[in-house]
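**Q** Please find one structure pasted underneath; my questions will follow.
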Amino acid sequence: MDIGTKFSALKREYTLYFDNRAFRCAEKNLGHPLSAMQDSIGSLTILLHAGLLRHHPSATIEIVDDIIDDLGYEKITDIVGEAMAVSPPLRSEKKMRKGDALADALDAYNLRVEDQKKESLRIEDLRKKILEEETLRGEILKELSSQA
């Protein structure tokens, strides 16, 4: 199965693919979550590099710079947005708006992160309630055993 978004640059074919590994790599190299990503040349470069690595493991930042120089920021932003819109972690998210695929893909990613944070808080609340119930149960058993 051939996966990824294909594009041509530097008289060559490239395939861009964003899976969880690419997102983790981008976050590691950015030094912060994608949800905190600012529109910047550096962020775009790191994101493009991370998305190329699955199909082009020898791709370097310098090659990515050359690709961006060849195609320009607007074209690269469109290509990255299209690739993110169909990425496995994001493709089931809200319907993407045409023309702003990168922003929509990041919005979908941010929604996923927010949902995970909410779920983590819910789980933590449940753990606290269980602990409180176990403590209360222990106190009741202690009380009952002292009455016997």
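Rule-based calculations on the coordinates, nothing more; no lab input. Predicted model, so just to flag it, every value in this text is computed and none were measured. Neighbour counts are summed over all protein chains in view; Cβ atoms, including those assigned to glycine, are modelled from backbone coordinates with ideal geometry.
**Q** When Leu16, Leu47, Leu52 are ordered from fewest to most other Cβ atoms inside 10 Å of their Cβ, what list results?
**A** Ascending number of Cβ neighbours within 10 Å: Leu52, Leu16, Leu47.
**Q** Ser35 to Arg122: FRET efficiency via 1/(1 + (r/R0)^6), r the Cβ-Cβ distance, R0 22 Å, to the nearest 0.05?
**A** Using R0 = 22 Å, I get an efficiency of 0.70.
**Q** Okay, moving on. Could you list Glu82, Glu62 so that the one with the fewest beta carbons within 10 Å of its beta carbon is first and the one with the most is last?
**A** Glu62, Glu82
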